[in-house]
Amino acid sequence: MNLRVGVVLVVTALCLGWVLKGLDYDAFVVSMTTFDWTAMVGAQLLYVTAHLMRAERFRVLLPVPMSRRTTLSVLSVGYLALHVMPLRVGELVRPYLARERAGVPFGASLAVVVMERILDVAMLLVMMFLVAWFVELPAEIVVQDVNLLAVGQRTAGVVVFLGVLGLLAVGFAGEGVLRLADRTPFGGLVRRFRDAILGLRQRPAAGATALALSVAIWAVTIFAVKLQLAASPGLPSSLGAALTTWTATLAGMAALPTPGFFGGYEAACAAALELLGAGPSDARSFGILLHLGQFGFTIGVGTAFLLAEGLSLREVVAKSQEEAS
């Protein structure tokens, strides 16, 4: 574990170093002063909306009834832990608190967390497919009259489409396929995915509601990103630009679960905006601004519920790990 944390911290430092190295600090100050801060107010309201929908999705998927107030508290503290602990250790906090607050079996809540991740991965794949096939990037890499960037974009779209089909196929995999998967390092992950998908199939109403909420969550988030892009002079602010920016950022967060998602978040966001034609300093300034807005919201809401419940984050994380082990 210590080695993995060390690797994560090194990657975090490298990503942040790349972002800060290309940042013109004078231009950063200018971008902060020219940013329309009323857009941040609107974005925070949209984050509140998405947060409430995440809480409702968690509540709908739980096999044991839980009040909306308790669900919101459990989700908020869980997301706080997720954002301050490395390697997604905070994912265990929600199942632990759901058991403590509402008597939901730890394993059942953990299965719901896995279901949520499947829905989010599916949404990410759909967004990647949309970016690959329907968003035109102004940047070009031409070799012998062939735009390699466009070809790579379309190829990625095909790969993502196959990935979506593969994800769906996991839910129908038989024991023979699972035994083959067990021979690979991903056997346990495949089985957890299959169990979660089967759980959604066995509760079609809850699954359909959770899917609809997942679509709404990411639609609201993309609109919040679009709102902030439009408030930043010199940055592309179309719906396609917002979709591309958030898809790349989300992929960076998934690939690099650093503490607070710092480093990977800004690097992925800036890289997407540079592909869309933004200047390096403007792109990196926006990545920092976007992340701080979302991070501040999550930390603020989580801390408020943590204090209201009289909890210690360190103790909650430690007990959740003990429960999982």
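With r as the distance between the Cβ atoms of E175 and F295 and R0 = 56 Å, compute the FRET efficiency 1/(1 + (r/R0)^6) and round to 0.05. It comes out at approximately 0.85.
Taken along the Cα-to-beta-carbon direction at a fixed 7 Å, the label points for L162 and W133 span 1.5 nm. Label positions at R191 and T49, each projected 7 Å from the Cα along the C-beta direction, are separated by 4.2 nm.
Could you calculate the FRET efficiency of A304 with A219 from 1/(1 + (r/R0)^6), where r is the beta carbon distance between them and R0 is 35 Å, rounded to 0.05?
Values: r = 26 Å, r/R0 = 0.74.
Here the calculated transfer efficiency is 0.85.
Overall, the accessible surface of the range 183-293 at a probe of 1.4 angstrom is composed of carbon and sulfur to the extent of 69 percent. Between the C-alpha center of the range 212-230 and that of the range 289-309 there is a gap of 18 Å. Hey, can you list the DSSP H helices of the chain whose Cα span along the axis is 27 Å or longer and whose average Kyte-Doolittle score is at least -0.5? Counting only whole DSSP H runs, the qualifying helices are 2-21, 38-61, 106-134, 148-170, 204-230, 280-308. For the pair E322 and M32, what calculated FRET efficiency results from E = 1/(1 + (r/R0)^6), where r is the Cβ-Cβ distance and R0 = 35 Å, to the nearest 0.05? That pair, M32 with E322, gives E of 0.20.
The values are calculated or read from the model by the stated rules, or taken from the named source; none is laboratory data. Keep in mind that what you see is a predicted model, and the values were worked out from it rather than measured. Neighbour counts run over all protein chains shown; Cβ positions are idealised from the backbone, glycine included. Ligands, DNA and RNA are stripped out before the accessible areas are found, and what is left, the full protein with its side chains, is counted by its heavy atoms. Shrake-Rupley method; radii C 1.70, N 1.55, O 1.52, S 1.80 Å.
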